[in-house]
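Reviewing the structure listed below.
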Amino acid sequence: MDSNGVDAGLLRSRYRLTKQRAAVLNALEDGAHLTAEALLERVRAQLPGVSLGTIYRTVDILREIGLVQVFTHNGMAARYEASLSKHHHLVCDVCRDITNVHIPTLAQFVSAVAAQYRYHDVDAFLTVTGRCANCAAAASTNHLTERAHAEVEERVARRE
């Protein structure tokens, strides 16, 4: 996140950039989707005395300002990310990796659906789930190993 976005967000709000807010934004600047606990670990590297309650209050304020987004899905712990742009998510069902995706044509689809059903002031958040490439490859390898193991067991059983 660039400092212009942070400055603009804070200027529009009644909040100032405290060391706790700066530390949270710094911890999120790599684009990670962090739980509050993971965020606390990163922030404590800069500010050892910070509590989990401070993290929750800080991300709530930063979310209100529009500097932090919260992502929750299917019972997963809430994840926080610093992102000013509208985006959607890919979530791996196995390792829980989250990837940001930009889908400019989704807005047209949402507008068409809203018009068809006479809805106003609509918004949409898309989450696509499945297995990431690493988990799919691992599952494929495990499946081949299981199949080979079953074939060996079958051969041994025929010999008996």
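Going by the structure shown, is Arg57 within 21 Å of the chain's Cα centre (by Cα), of a type outside the set (A, V, I, L, M, F, W, C) and closer than 30 Å to Ser140 by Cβ? It is false that Arg57 is within 21 Å of the chain's Cα centre (by Cα), of a type outside the set (A, V, I, L, M, F, W, C) and closer than 30 Å to Ser140 by Cβ. Looking only at segment 54-71, filter to residues that are out of contact with any Lys or Arg (no Cβ under 8 Å at 6 or more places or on another chain) and either without any contact (Cβ under 8 Å) to a residue 24 or more places away in the chain or outside the structural domain of Leu39 (by TED's automatic domain parsing) (or both); which one of those is nearest to Ile98 (Cα to Cα)? Checked segment 54-71; the qualifying residue nearest to Ile98 (Cα to Cα) is Arg63. Scanning segment 5-40 for residues that are exposed (fewer than 12 other Cβ atoms within 10 Å of the Cβ) and either modelled with pLDDT of 95 or more or in the same structural domain as Ile98 (by TED's automatic domain parsing) (or both) yields one hit, Glu37. Counting residues in segment 48-70 that are of a type in the set (Phe, Trp, Tyr) and modelled with pLDDT under 90 gives zero.
Screening Lys86 with (1) surrounded by 13 or more Cβ atoms within 10 Å (Cβ to Cβ); (2) at pLDDT below 95; (3) touching a strand residue (DSSP E or B) at 6+ places or on another chain (Cβ under 8 Å) gives one miss only, at (3).
The values are calculated or read from the model by the stated rules, or taken from the named source; none is laboratory data. Computed from a prediction, not measured in an experiment: that's the story for all the values here. Neighbour counts run over all protein chains shown; Cβ positions are idealised from the backbone, glycine included.
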